Structures are given as structure tokens and as C-alpha cells.
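These notes concern the structure reproduced below.
What follows draws every value from the coordinates through simple rules; no lab data is involved. Just so we're clear, the structure is a prediction, and the values are computed from it rather than from any experiment. Heads up, the Cβs are rebuilt from the backbone with ideal geometry, glycines too, and the neighbour counts pull from every protein chain shown.
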Amino acid sequence: MKLSPQSHATVAATAAVVAARADEITATFYPAMFAAHPELRNVFNSANQAIGEQPKALAASVVAFAVQLIDPDAPDFTPVMQRIAHKHVSLGITAPEYTIVGQPLLEAVGTVLGDAVTPEVAAAWDEVYWLFATALIAEEAKLYALGGTDPEQPWRAYRVAERIEESDDVFSLLLAPVSGDVPEYRTGQYVAISVELPSGERQPRQYTISSGPRGDALRVTIKRVAGENGAPDGLVSNWLWEHAVPGTALDVSQPAGDVVLDDADTPLVLVSAGIGITPVAAIMEDVSRRQPARRVRMFHADRSHADHALYDSLRRQVLAMPDASAQNWYEHGAESAPTLAPARAGWMDLSDIEVSTDARVFMCGPLPFMQSARRELIAKGVPTGNIHYEVFGPDLWAQSPQ
């Protein structure tokens, strides 16, 4: 995938300017797109729009893609593209929507950069966008086909078979298809749930499948999100908290996600914080059943033991495995927490933890938390290629210091 020679030179000359003002460009683009196509509000996460995460993620992705086209030494964009494609498939994004997005995005470039956008510059960045879009359309078409999903009908009807209260603000839903079996999925993947809110707006949200593969139902574990620091309350999580009871019908996407458990027998290190425990729970359920002898070291941080979702099932799985152990950190009440190993107080600190340098690491939690854990693990000799992470929401990893 290459730019034409003329566009290559133009993008190389303007990439730094576009990158410097990429957040402005996407902040201009989204309102214009929603004004022209309000139906797309049913696809994009309104909370991420409100706090600016979605525009930043799009800006970072397009700039990174453009840099890869002009710099042979730039990091490979393929893993980022695959992650975006999985997110899009879970949201039911289709090829025609790339045309809808493209026009206001390129118009926003012109609005922000003004006279600097000559016809040549506009044509070059149009070429970048369509190379970007074409690559994603192809990857998403493959994922839809592998999942047996018609992109025009991406949602499937499920019913809540059971609800489990995990803590004061976390609950699990066991979801069963209205007809047929649960589609095949890999441990660590997620689904999107789309609901109609009282305003009439439809909103999708992605939730990790917190159970290992099974044929009759899948489990999602959801934290009711309360807005902090000016962010709004979680619209979908609060709707599900109030309305999702046994018998409730929900629209659910095909499973998606590229951070998945392998079938190797190398040691596993599982690092999580808060509701980031959900992919860890899925991995532990699967490994305890299929690979009970595999070495597993689990490290989790939470506000308190009472907030530690899915603790009882994880405890049973650790006890059932001969080479598994868990260490927890709690901000409150660590000294009295009834955990397998004495809980530690405060934030997670892996400085004195022993890990195998050949371990495969899975991390899930707030971005600063994962970046800190990653640095500590690399310092202990774990190769960067062995460290995998899942981000809830737009992936801003590349934009933050690591």
C-alpha cells in the first residue's frame, strides 16, 4: 500500500503540520459530521465524544497511518489497523459509512489549516484517507465473514438469562441467544450491547466476555459508571443497571477483539485494576479448565476487597490450579481483606515481584496504571512483544508516555 509519488512528497512536507493540529481538525470534523448525518450518533459513543477521547483516537490513528506511508522506519500500523477493525465490527460499521466520514473530515482539514491547504495538499490527504479506509474496509469485511455476520444486520437478539450482583456497582449478565447457539469466540474478546435510551437515542457499548467459551450463553460483567471530573454518567451502563433483568431482550454484536488467549504452555502474568478484572476472569476460567497445570501469576489492584468483582470465582480457580497464585492491592482495608495471600495497601507495585522473562502478559485497567506496570515488567526482562493490553474505550495508548 503506497502513496502516489506526488502525494508522497506532499504528505511528507505537511505531515508535521497536520499532526500538530490533528486534535483541532477532528474536533471540527465531528460536529460537522453529526450535523449532516445525525443518525451516526447511534454509532459513536457519546461519552467519549463529550470528553474528547474519540477525536484524539481518530487523530492519532490517521496521523500514524500517514507517517507509516512516508517513513519506512515508522512502526508497523497493521496491529493498530486490526484493533480498529475489531472495534468497528463490534459496532456494526459498514463500508458506506467511510464515504460519509471522509468528506467532513477532509473539509475540516481545510477549515483548520486554511490557505495552507492547496489543491495538491487536499488531494494528497484525500489519498491518505482512502488508503486508510480501504485497508479497514477489507479487514472488517474479513471479520464479518469469519463471524458469519451480515454487515447490514450486525445485531443479534439475546435475552438476559441470569443477573448476578458482584459488588455495589458491578453486575454480571448471563446472555443467551434468542435462537441458535452462542457464536464461537476466543477468550479475551468482547461484544457490544446496543440499547435504546429514554431520549430515543440508541447507544452501543463494548463489554468484555468475562466467561470462557461455552455453547449456551456468554457472561458480561459491567460496572455502573458514575461521571467524575465533569464526565457524564455512563448512559448505557446505568440503563443496564436499572433495566437488565432476566427476560430482558438486548441487541448484541458478534464477538470481536484481538487481545486473546493463546494455546501455548508458557507462564501467564495477569495484571488488572478495577473492572479490568473482566478479561482476567475469562482467561482464568478457560485456563483452569483446559490447562490447569499452566503457571499463572495474577496481580490485581482495587479500591477495596468489597469492590473486587468476581473474586470468589477467581479464588476457586487459583486454588484448583497447582501453579497459580494471586496478589491483590487495595486502597482501603487491605489489612483485614480475606484474600488468599495478605493484601497489600495502596497502589500496585511490582518492583519486588518475581516473573518469568518468557511469560505472556495480559493487562487491563486505566491507561496510566498499565503504562506503569509495563515499565516495571520490561525492567524485569519481559520482552515488549510479550506484553498485551486491552483498553476500554478509544485506544489512546500511543498518545501517552509509556
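Miscellaneous remarks
- Per-pair calculated FRET efficiency, R0 = 30 Å: residue 36 and residue 4 via Cβ, rounded to 0.05: 0.55
- Taking the C-alpha atoms only, the angle from helix 119-147 to the longest principal axis of the chain is near 40 degrees.
- Cα centroid of the stretch 232-250 to Cα centroid of the stretch 259-279, whole Å: 27
- Nonlocal amide H pairs with residue 166, under 5 Å, H built at 1.01 Å: 171, 172
- Rounded to whole Hz, the Karplus (6.51, -1.76, 1.60) HN-Hα couplings of the stretch 317-334, x for glycine and proline: 5, 4, 5, 7, 9, x, 10, 10, 8, 9, 10, 10, 10, 10, 5, 9, x, 4
- Angle in degrees between helix 5-20 and the longest Cα principal axis of the chain, rounded to the nearest 10: 60
- With R₀ fixed at 51 Å, the C-beta to C-beta distance from residue 123 to residue 152 puts the FRET efficiency at about 0.95.
- Cα-based shape type of the stretch 1-157, given that a ≥ b ≥ c are square roots of the gyration tensor eigenvalues and the cut on a/c is 1.5: oblate
- The alpha-carbon of residue 2 sits under 27 angstrom from the alpha-carbons of these lysines, leaving out residues fewer than 8 places away in its chain: 56, 87, 142.
- Distance from the stretch 69-104 to the stretch 113-190 (C-alpha centre basis), Å: 11
- Within the stretch 156-261, the GluC sites (Glu not before Pro) that combine a DSSP coil assignment with at most 15 other C-beta atoms in a 10 angstrom radius are 184, 201, 228.
- Degrees separating the helix 53-70 axis from the principal Cα axis of the chain, which is the longest one: 60
- Neighbours of residue 316, meaning other residues whose beta-carbon lies under 13 angstrom from its beta-carbon, give a summed charge of 0 when Lys and Arg score +1 and Asp and Glu score -1.
- Helix-only mean residue ellipticity at 222 nm for the chain, each DSSP H run of n ≥ 4 adding -39500 (n - 2.57), per residue, nearest 500: -13000 deg cm²/dmol
- Here's how it looks for residue 389: its modeled amide H is under 5 Å from those of 363, which are all 5 or more places away or on a different chain.
- Extension gain from residue 306 to residue 357, taking 0.36 nm per residue of separation minus the Cα-Cα distance: 15.1 nm
- Estimated FRET transfer efficiency when R0 is 35 angstrom, pair residue 266-residue 320 (beta carbons, to 0.05): 0.95
- Least to most buried among 321, 363 (fewest other Cβ within 10 Å first): 321, 363
- Under 5 Å between amide hydrogens, built in the peptide plane, is the criterion, and for residue 269 it picks out 297, 360, 361, 362 among residues at least 5 positions away or on other chains.
- Under the Karplus curve 6.51 cos²θ - 1.76 cosθ + 1.60, θ = phi - 60°, whole-Hz ³J(HN,Hα) for the stretch 201-209, x wherever Gly or Pro sits: 6, 9, 9, x, 9, 9, 9, 4, 6
- Proximal charge balance of residue 147 [Cβ under 15 Å; K/R count +1, D/E count -1]: -3
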